[in-house]
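The values are calculated or read from the model by the stated rules, or taken from the named source; none is laboratory data. Bear in mind that the values here come from a model prediction, so they are computed numbers and not experimental data. Glycine gets a Cβ as well: all are built from the backbone with ideal geometry, and neighbour counts include every protein chain shown. The protein model used for the area step is the full one, side chains on, heavy atoms only, and it has no ligands, DNA or RNA in it. Shrake-Rupley method; radii C 1.70, N 1.55, O 1.52, S 1.80 Å.
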Amino acid sequence: MSPLYPLIMLAAVGSAAIISRFTQRDLPLVRSQRIFVGLGGFCGAMLGAKLPFLLSDVDGLLSGTAWFSSGKTILCGLVGGYFGVELAKKHLNIRTKTGDSFAVPVAVGVGIGRLACFAGGCCFGTPTDLPWGCVFPATDALRRHPTQIYEAIFHLTAAGILFVMWRRQLLKGQLIKLYIIAYLAYRYATEFIRPEARMWAGLTGYQWAALALIPLFAGLWMRDARQVVSETAGSRQG
């Protein structure tokens, strides 16, 4: 593993933390609530990122060794982080929408983190003849799609768009779901140039996960939208 990997990952975490202080400063939460919600998101993300690898290694799960393996997935990490925050809020009876405040820092953190994957030579794509193909010597001598760079561009671009939407209060309360749905769609499309194992119908596990999770988050979006309409109508009647 490249010595740059931990340095870039540290930069990713630090950048996300700094930006979150700016995006979350107007949330009507006391310090203890902010900490608990942040821990909920962190623990949910860590568990979600490891979950597919734990389930695929039952012996390692039972012995405990699977918890310390290097396998992690950003896709499930994002989903786990979302539900970790929601569980923490439910436990504290917090009804304030917090997702918008997480969208930009998470996108920035993931985008920078993918640069660490590029430096570390993991998460690469399939062989390609394109001029920007990269060789990852630890794997083979083939020029491959630098899917880590593609994904870094996606997340950092998403961060810029989400920031503008957050400042202008566009789709208020829905930004984190918009980001997750967009990433699920992106990941589904780019799995065709990633050397992942194929399952049913020639699709990878990540693609099947995307197909299952997009309707789930679309449903959460519609639920929240109906709730906003209902609350607005109630306040007008009051």
Within the range 187-202, can one find any residue that is assigned to a helix (DSSP H, G or I), within 30 Å of ARG21 (Cα to Cα) and touching a residue at least 12 places away in the same chain (Cβ under 8 Å)?
-> yes
Go through the range 152-173 and give me each residue that's open to solvent by 70 Å² or more (accessible area, probe 1.4 Å) and over 18 Å from the mean Cα position of the chain (by Cα).
-> ARG167, ARG168, GLN169, LEU170, LEU171, LYS172
Identify, by number, the condition in (1) open to solvent by less than 30 Å² (accessible area, probe 1.4 Å); (2) under 23 Å from THR204 (Cα atoms) that VAL85 doesn't meet.
-> (2)
Pick from the range 93-130 the residues that are touching a residue at least 60 places away in the same chain (Cβ under 8 Å), closer than 20 Å to TRP221 by Cα and outside any helix (DSSP H, G or I): which of them is most open to solvent (accessible area, probe 1.4 Å)?
-> LYS97
